[in-house]
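The values are calculated or read from the model by the stated rules, or taken from the named source; none is laboratory data. Quantities reported herein were computed from a predicted structural model and do not represent experimental measurements. Don't worry about glycine lacking a Cβ; one is built from the backbone with ideal geometry, like all the others, and counts go over all protein chains shown. The accessibility values were calculated without ligands, DNA or RNA, using every heavy atom of the protein model including side chains. Shrake-Rupley method; radii C 1.70, N 1.55, O 1.52, S 1.80 Å.
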Amino acid sequence: MPDALHQLDALDLAARLRRRDLSAREVVQAHLDRIEQVNPAVNALVTLDPEGALAAAALADERLARGAAVPPLHGLPIAFKDTHLTRGMRTTHGSPLFADHVPDEDELLVNRLQQAGAIRLGKTNVPEFAAGSHTFNPVFGTTRNPYDTTRSAGGSSGGAAAALAAGLQPLADGSDMGGSLRNPASFCNVVGLRPTPGRVPRHPGGDLWDTLSVPGPMGRTVADTALLLSAMAGPDPRCPIGLETPGEAFRVPLDRELRGLRIAWTPDLGGHAPADPDVLAVLEPQLRVFEELGCRVDIACPDLTGADDTFRTLRAHSFDLALGTLLDSDRQALKPSIVENIEQGRRLTAADLRTATATRSRLYLGMVDFFSRYDLLLAPVSQVTPFDAELEYPREVAGRPTRSYLDWMRSAYLISVLGVPALSVPAGFTPAGLPVGLQFIGAPRADLAVLQAGHAYERATRHGRRRPDLPAV
């Protein structure tokens, strides 16, 4: 076989498994071998169950041999984000407080993916309580970028993105509040989708009505990402904001003619998120690709005035709701930035929340109006390239000092406020060999259209085909 199994796209692997050209045991073992060889260099997977994965693979092979129906993810190995509950396997949230926590139930997303045939390998690394877009914690340490192990892999789904790029798994799940699927995808040259809120239902959860944080899929290609979304999406009565569209709606060919598409490009989200010159040097030449595909490209951006304060207010409120009791009982065990976020949430007034809610409604309606004139908005995913992994966060963006660990993530989190789908697609590399992602932002609920546009761009450029050169440890 010309390609190692860990290099194959998930769709290719799935087709070979269905044809019985490969067994699930072969596929799982190939990824376990790859994990043993290179995971020590990147620290992407932090909990591993080889015996359980091989046993599940054997059962999958037996079911196929009996002629049972083949689910869409049959035989594909996956390690779940270490914030997603996994029955019988520890879920630490990257916190010493949960270092030995073993849930007695699977999260809905985990259950759906396993019901779709995915085989659980283990868990991927996260920042403590998924706070921030650089993956490090006191339990497992730092996840490193497969393209340059001195650099950050992003976060909070940093372990997931690094595992994809390094060939440790063909698909990855994650979640995104302020860019936690998109930023690590950009840093690691993979694809990450922040779906429309409610597209992927959550259970269990704290605030069932929350639309700021959403679960979503990652893959090495847009088509693989859509495949995983098809197994995640679909309504569940326990999720009050869940959308009715079934997941199967995303298990379709993504080929689409883009000629005539009206595209807006914003290098800085209307001045609210300036990017470093090395990011723009990679992204701005990509606009010619869309022109060559027959699109009309304008420089334009919806009005995002107030989006920054709105995001920070709603985020602080959510931190107080989710983690406030831990501040009261175990303050010393929380990292300072989390303490600060919770305390900020506790200082909020009714007037603060009223202003944030009103501003968010205005921003949403403005986005609806914007997408009556444009089909797609393009922007940087991240304002910076992968930074030194020893830093907590970049100290400067576009020549301006950062005040907090959130400041460099504006190009992602300002979009989170709007409640629209956003996709990170590999867009090229800096002269130093660091990946840069392009953000595809769609109209409300236009997840499929965003995936189709990303797929067309991906096929025209093939930037995502450049894989890291990781020596075995």
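Got a number for carbon plus sulfur as a percent of region 24-86's accessible area, 1.4 Å probe?
It is 53 percent, rounded to a whole number.
Ignoring ligands, DNA and RNA, what accessible area per residue does region 37-150 give at 1.4 Å, in Å²?
On a per-residue basis, region 37-150 sits at 35 Å².
Taking 8 Å as the Cα distance limit and 6 or more residues as the minimum spacing, I'd like the relative contact order of region 292-428 as a percentage.
On the way: 102 pairs, mean separation 38.8, N = 137.
Relative CO of region 292-428 lands at 28 percent.
For G428, list long-range residues whose amide hydrogen, built 1.01 Å from N in the peptide plane, is under 5 Å from its own amide hydrogen.
Answer set, sorted by chain and number: V436.
Compare the peptides 400-412, 365-377 by average per-residue count of other Cβ atoms within 10 angstrom and give them in order, highest first. Kindly include the intermediate steps, with their values, before the conclusion.
Working: 400-412: 19.5, 365-377: 16.7.
With the highest mean Cβ count within 10 Å placed first, the list reads 400-412, 365-377.
So what is the calculated 222 nm ellipticity per residue for the chain, using -39500 (n - 2.57) for each DSSP H run with n of 4 or more, over all residues, to the nearest 500 deg cm²/dmol?
-11000 deg cm²/dmol
Can you tell me the FRET efficiency between A68 and D255 if r is taken as the Cβ-Cβ distance and R0 is 35 Å, rounded to the nearest 0.05?
Here the calculated transfer efficiency is 0.70.
Starting at the first residue of region 382-397, write each ³J(HN,Hα) from the Karplus equation 6.51 cos²θ - 1.76 cosθ + 1.60 with θ = phi - 60°, in whole Hz, x for Gly and Pro.
Couplings: 10, 7, 9, 8, x, 9, 3, 5, 7, 7, 6, 6, x, 8, 8, 9 Hz.
Taking every Cα atom in region 59-196, find the radius of gyration and the maximum pairwise distance Dmax, and write them in Å.
According to the Cα coordinates of region 59-196, Rg and Dmax are 15.2, 48 Å.
Be a star and scan region 177-212 for residues whose amide nitrogen sits under 20 Å from the point 7 Å along the Cα-to-Cβ vector of L348.
Those under the cut-off are 177-180, 197-198, 202, 205-212.
Using only the Cα atoms of region 339-473, build the gyration tensor, take square roots of its eigenvalues as a ≥ b ≥ c, and label the shape rounded, prolate or oblate: rounded if a/c is under 1.5, else prolate if a/b is larger than b/c, else oblate.
Taking the square roots of the gyration eigenvalues as a ≥ b ≥ c, region 339-473 is oblate.
With just the Cα atoms defining each centre, how far is region 203-253 from region 103-159? Give it in Å.
Using only Cα atoms to place each centre, the spacing works out to 18 Å.
Treat every Asp and Glu Cβ in region 240-377 as -1 and every Lys and Arg Cβ as +1, leave all other atoms uncharged, and give the resulting dipole magnitude about the Cα centre to the nearest 20 debye.
With Lys and Arg at +1 and Asp and Glu at -1, about 340 debye.
Determine the per residue accessible area of region 323-409 with all protein chains present and a 1.4 angstrom probe, expressed in square angstrom. It would help to have the intermediate numbers written out before the result.
Details: 4390 Å² over 87 residues.
About 50 Å² of surface per residue is accessible.
State the percentage of accessible surface on region 363-431 attributable to carbon and sulfur atoms; use a 1.4 Å probe and exclude ligands, DNA and RNA.
Here carbon and sulfur together make up 50 percent of the probe-accessible area.
Along the charge dipole of the chain, which of Q7, V384, S404 sits closest to the positive end, that is, farthest toward it, with unit charges on the beta carbon of Lys, Arg, Asp and Glu (+1, +1, -1, -1)?
It is Q7, whose Cα lies furthest towards the positive end.
Sort 389-397, 288-296, 139-147 for me by packing, meaning the mean count of neighbouring Cβ atoms within 10 Å per residue, highest on top.
Going by the mean number of other Cβ atoms within 10 Å, highest first, we get 139-147, 389-397, 288-296.
Can you list the residues of region 131-145 with backbone N under 18 Å from a point 7 Å past the Cα of Q332, pointing along Cα to Cβ?
138-139
Using 1/(1 + (r/R0)^6) with R0 = 25 angstrom and r between the beta carbons of D469 and E390, what's the FRET efficiency to the nearest 0.05?
Efficiency, rounded to the nearest 0.05: 0.65.
What's the FRET efficiency of A460 with R403 using the Cβ-Cβ distance as r and R₀ = 30 Å, to the nearest 0.05?
Details: r = 39 Å, r/R0 = 1.30.
Computed FRET efficiency for A460 and R403: 0.15.
Would you work out the relative contact order for the chain, in percent, from Cα pairs under 8 angstrom that are 6 or more residues apart?
Details: 1126 pairs, mean separation 77.7, N = 473.
Over the chain, the number comes to 16 percent.
Tell me the relative contact order for region 25-174 as a rounded percent, counting alpha carbon contacts under 8 Å between residues six or more apart.
Relative CO of region 25-174 lands at 29 percent.
Work out, step by step, the length gained on full extension between R362 and R288: first 0.36 nm times the residue separation, then minus their alpha carbon distance; give nm to one decimal.
Full extension from R362 to R288 adds 23.4 nm.
What is the log10 of I(q)/I(0) for region 1-117, computed with the Debye formula using one identical point scatterer on each Cα and no solvent, at q = 0.15, 0.21, 0.23 Å⁻¹?
-0.73, -1.27, -1.40
What helices does the chain hold that run 24 Å or longer along their axis, going by alpha-carbon atoms, with a Kyte-Doolittle average of -1.0 or more, using DSSP H for the helix calls?
24-42, 307-330, 350-370
Mind listing the long-range amide H neighbours of A153? Cut-off is under 5 Å, sequence gap 5 or more, other chains count too, H placed in the peptide plane at 1.01 Å from N.
Those lying under 5 Å, H to H, from A153 are T135, N145.
Rounded, prolate or oblate, given the Cα gyration tensor of region 210-301, with a/c below 1.5 counting as rounded?
Verdict is prolate for region 210-301.
Report the extension gain between N111 and I299 in nm, rounded to one decimal, defined as 0.36 nm multiplied by the number of residues separating them, less their alpha carbon distance.
So the extension gain works out to 63.4 nm.
Here are a few candidate values for mean projected area of the Cα convex hull in nm²: [x] 26.5; [y] 22.4; [z] 20.7. Which one was actually calculated from the structure I just gave you?
Step by step, mean projected area of the Cα convex hull in nm² for this structure corresponds to label [z].
Can you list residues from other chains, or at least 5 along the same chain, whose modelled amide H is less than 5 Å from the amide H of V397?
T402
What ranking, highest mean first, results for peptides 56-62, 467-473 when packing means the other Cβ atoms within 10 Å averaged over each residue?
On the way: 56-62: 17.9, 467-473: 12.6.
In decreasing order of mean packing, 56-62, 467-473 become 56-62, 467-473.
Please give, to one decimal in nm, the separation of the simple spin-label points placed at A55 and T150, each 7 Å out from Cα toward the Cβ.
Computed distance between label sites A55 and T150 equals 4.4 nm.
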